[in-house]
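Asks: Mind having a look at this structure? Questions to follow.
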Amino acid sequence: MSWVIWITGLPGCGKSTVALSVKDRLPDTVILNMDRLREVVTPEPNYSGSERDYVYRSLTYLAKTVSELGHNVILDATGNRKVWRSVARKLIPEFFEVYLACPLQLCMERERARRDTHGAPADIYDKAGQGASVPGVNVEYEVPEDPELIIDTEKLGPDEAAVMIIKMLQKRGGLGVRGKEGL
């Protein structure tokens, strides 16, 4: 049975980098990146609550559909509202929530320093000061209450996080996890 992992956390916490590190170890995994999806679904986003609801529900449906086709999926998406992650948990039988915990200040420093935005809007935290809606700053980020895994990305790098995610999957019955030797 295929699985879906939602890697959630504040912008700049390392979601995309961790997702890519997992994919490096599990090459058949499909990464659904919210920022890339948003470019297609809302090419001129306003980041309103209703728009976010629409886009996150679309992302969840896409993940469900891809997993039903037999592919393992990683959702690389902030998903700042619990309700969106709950919808995914209800719709997808083999669903796992991984929370990347990272202090806001460190997320802000990482976001300002990163060269590859993985499709995310550049200077997102600076834009928050100009009124843009940014989870963790002027839009609430609802911390997961009971995720399958919490990873402190202030202390662990992306490769260590990827190994933790794969071990979590293997511990839960393998779920078809096959990866490169030596995780």
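FYI, it's all coordinate maths here, none of it is from the lab. Every value quoted in this text rests on a predicted model; they were computed, and no experiment measured them. Glycine gets a Cβ as well: all are built from the backbone with ideal geometry, and neighbour counts include every protein chain shown.
Asks: Can you name every residue in segment 124-141 that is charged (D, E, K, R) and over 18 Å from E51 (Cβ atoms)?
Replies: D126
Asks: Please determine whether any residue of segment 98-117 is within 21 Å of P43 (Cα to Cα) and either among the hydrophobic types (A, V, I, L, M, F, W, C) or assigned to a loop (DSSP other than H, G, I, E, B) (or both). Before the answer, list the steps.
Replies: So the first thing to find is which residues in segment 98-117 are within 21 Å of P43 (Cα to Cα), and the list is 116-117.
Now drop any that are not either among the hydrophobic types (A, V, I, L, M, F, W, C) or assigned to a loop (DSSP other than H, G, I, E, B) (or both), which leaves 116-117.
The answer is yes, given that some residue of segment 98-117 is within 21 Å of P43 (Cα to Cα) and either among the hydrophobic types (A, V, I, L, M, F, W, C) or assigned to a loop (DSSP other than H, G, I, E, B) (or both).
Asks: Any residue in segment 47-69 that's closer than 16 Å to V87 by Cα: show its pairings with residues that are buried (at least 20 other Cβ atoms within 10 Å of the Cβ) and charged (D, E, K, R) at Cβ separation under 8 Å, as long as the two are six or more apart or on different chains.
Replies: The qualifying pairs are V55/R38.
Asks: Hey, another quick one. Scan segment 148-168 for residues that are surrounded by fewer than 18 Cβ atoms within 10 Å (Cβ to Cβ) and under 13 Å from the mean Cα position of the chain (by Cα) and jot them down.
Replies: If the condition is that a residue be surrounded by fewer than 18 Cβ atoms within 10 Å (Cβ to Cβ) and under 13 Å from the mean Cα position of the chain (by Cα), then I150 is the only one that fits.
Asks: Can you pull out the residues in segment 70-86 that are of a type in the set (V, I, T) and without any contact (Cβ under 8 Å) to a residue 40 or more places away in the chain?
Replies: Across segment 70-86, the qualifying residue is only V83.
Asks: Give just the number: which of (1) in a loop (DSSP other than H, G, I, E, B); (2) in contact with a Phe, Trp or Tyr (Cβ under 9 Å, 6 or more places away or on another chain) does S67 not satisfy?
Replies: The one condition S67 does not meet is (1).
Asks: Can you tell me which residue within segment 23-51, out of those that are in contact with a Pro (Cβ under 9 Å, 6 or more places away or on another chain) and assigned to a helix (DSSP H, G or I), is surrounded by the fewest Cβ atoms within 10 Å (Cβ to Cβ)?
Replies: E39
Asks: Would you please list the contacts, defined by Cβ atoms under 8 Å and residues six or more apart or on different chains, that run from a residue in segment 144-172 that is under 17 Å from N72 (Cα atoms) to a residue that is among the polar types (S, T, N, Q) and surrounded by fewer than 18 Cβ atoms within 10 Å (Cβ to Cβ)?
Replies: none
Asks: Would it be correct to say that V98 is touching a Gly at 6+ places or on another chain (Cβ under 9 Å), closer than 25 Å to A161 by Cβ and hydrophobic (A, V, I, L, M, F, W, C)?
Replies: For V98, the condition - touching a Gly at 6+ places or on another chain (Cβ under 9 Å), closer than 25 Å to A161 by Cβ and hydrophobic (A, V, I, L, M, F, W, C) - is met.
Asks: Considering only residues that are within 14 Å of the chain's Cα centre (by Cα) and either assigned to a loop (DSSP other than H, G, I, E, B) or farther than 13 Å from K82 by Cα (or both), which ones fall in segment 131-141?
Replies: Y141
Asks: Would you mind stating whether S86 is more than 19 Å from S2 (Cβ to Cβ), touching a helix residue (DSSP H, G or I) at 6+ places or on another chain (Cβ under 7 Å) and surrounded by fewer than 21 Cβ atoms within 10 Å (Cβ to Cβ)?
Replies: Judged against the criteria, S86 is not a match.
Asks: Moving on to the next point. Would you point out which residue out of V98, V66 is in contact with a Leu (Cβ under 8 Å, 6 or more places away or on another chain), surrounded by 18 or more Cβ atoms within 10 Å (Cβ to Cβ) and among the aliphatic types (A, V, I, L, M)? Outline the logic, then answer.
Replies: Numbers: V66 fails: surrounded by 18 or more Cβ atoms within 10 Å (Cβ to Cβ).
None of the others qualify; the one that does is V98.
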